[in-house]
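Read through the structure below, which is laid out as structure tokens, and then see the notes.
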Amino acid sequence: MAGLAESGSNPDVDLLYDINGLAKDAPRWLDRAVAFAGTYGLLVAMVLLVAACWWSVRRRGGEDTASSLAALVWTPLAAGIAVLVNVPIRGFVERPSPFRDHQGLDVLASGRTDFSFVSDHATLTMAMGVGLFVAHRKFGLVGIGLALAEGFCRVYMGVHYPTDVVGGFALGTAVVLLLSPPAMMLLTPVLKAVEGSARGVRLVRAPGVRGAGRDAVVPGARTGAAEAEETDLAA
């Protein structure tokens, strides 16, 4: 299967040349910026987005806090599993990087010796984007947008075919959604247990944020009625 997309007469290769051709006409500073974003920047941005989502969910509170945070814990775990699943896929397909089979590409990343299908970067970012979407719709849409940008960058850099990116998107999405039900069954009780502990509650809820329902309080905190009762007893 190493001959997949080796001919330049198919849409996959044509689109590769079209997108990578933008790099030839762009200023060098822009190429360096895209190369940095496609290699490190967007991955870091995705991690920061997950952290921001955790902070937002903590401050919001509510009945679904534990399940939302469980989905956020599942997000990086799913991304790691997806990359591990990709290891045998790459070994089976054995598709060389496009710059090894096609001349005239403006390659913005050097030192690549591994196979091309599917893209680890696309797999990681889309898995995290979809995982975020399961936890929080607005943050998830931003995460999916970052994943799409990552895929574009990898083709722009000349290190992946468009189908490498699409395959990574499909793999990341599949791992997150297919394994999400058992993962949530395991992780949600853990987060609820943390939420119910005096020490762990601050990891799950911001100080002063109440839990499920009007009567829920932070463990260890005293209600106004309890304080009034203590005052009467003291008097």
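Considered as a group, the residues in the stretch 59-96 that are in contact with a Phe, Trp or Tyr (Cβ under 8 Å, 6 or more places away or on another chain), in contact (Cβ under 8 Å) with a residue 40 or more places away in the chain and in a helix (DSSP H, G or I) include one that is surrounded by the most Cβ atoms within 10 Å (Cβ to Cβ), and that residue is Leu69. Which residues, counting only those in the stretch 97-107, are small (Gly, Ala, Ser) and surrounded by fewer than 16 Cβ atoms within 10 Å (Cβ to Cβ)? Matches in the stretch 97-107: Gly104 only.
No other residue among Val165, Val176 is at negative phi, in contact with a Lys or Arg (Cβ under 9 Å, 6 or more places away or on another chain), modelled with pLDDT of 90 or more and not polar (S, T, N, Q) apart from Val165. Each residue in the stretch 179-204 was checked for being crowded, with 18+ Cβ neighbours inside 10 Å and modelled with pLDDT under 65, and 1 of them qualify. Filtering the stretch 56-101 down to residues that are more than 17 Å from Val190 (Cα to Cα) and among the aromatic types (Phe, Trp, Tyr), which residue is modelled with the lowest pLDDT? Filtering first and then ranking leaves Phe99.
In the stretch 108-121, is there at least one residue being under 15 Å from Gly168 (Cα atoms), surrounded by fewer than 23 Cβ atoms within 10 Å (Cβ to Cβ) and under 14 Å from the mean Cα position of the chain (by Cα)? Yes, because at least one residue in the stretch 108-121 is under 15 Å from Gly168 (Cα atoms), surrounded by fewer than 23 Cβ atoms within 10 Å (Cβ to Cβ) and under 14 Å from the mean Cα position of the chain (by Cα). When the stretch 143-154 is filtered for residues that are in contact (Cβ under 8 Å) with a residue 60 or more places away in the chain and of a type in the set (A, V, I, L, M), the ones remaining, listed by number, are Leu146, Ala147, Ala149.
Residues are listed down the side, and each one gets a yes or a no for (1) part of a helix (DSSP H, G or I); (2) polar (S, T, N, Q); (3) in contact with a His (Cβ under 7 Å, 6 or more places away or on another chain); (4) closer than 20 Å to Val73 by Cα:
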{"residue": "Leu148", "(1), (2), (3), (4)": "yes, no, no, no"}
{"residue": "Gly151", "(1), (2), (3), (4)": "yes, no, no, no"}
{"residue": "Thr163", "(1), (2), (3), (4)": "yes, yes, no, no"}
{"residue": "Gly172", "(1), (2), (3), (4)": "yes, no, no, yes"}
{"residue": "Ala183", "(1), (2), (3), (4)": "yes, no, no, yes"}
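Just one of (1) modelled with pLDDT under 95; (2) surrounded by fewer than 21 Cβ atoms within 10 Å (Cβ to Cβ); (3) within 12 Å of the chain's Cα centre (by Cα) fails for Ala135. It is (2).
Return yes when Gly140 is surrounded by fewer than 22 Cβ atoms within 10 Å (Cβ to Cβ) and without any contact (Cβ under 8 Å) to a residue 12 or more places away in the chain and no when it is not.
Details: surrounded by fewer than 22 Cβ atoms within 10 Å (Cβ to Cβ): yes; without any contact (Cβ under 8 Å) to a residue 12 or more places away in the chain: yes.
Yes, satisfied.
Picking from Ala37, Ala66, which residue would you name as being touching a Lys or Arg at 6+ places or on another chain (Cβ under 8 Å) and either on the phi > 0 side of the Ramachandran plot or hydrophobic (A, V, I, L, M, F, W, C) (or both)?
Numbers: Ala37 fails: touching a Lys or Arg at 6+ places or on another chain (Cβ under 8 Å).
The match here is Ala66.
The values are calculated or read from the model by the stated rules, or taken from the named source; none is laboratory data. These figures come from a predicted structure and were not determined experimentally. We place every Cβ from the backbone using ideal geometry, glycine too, and count neighbours over all the protein chains shown.
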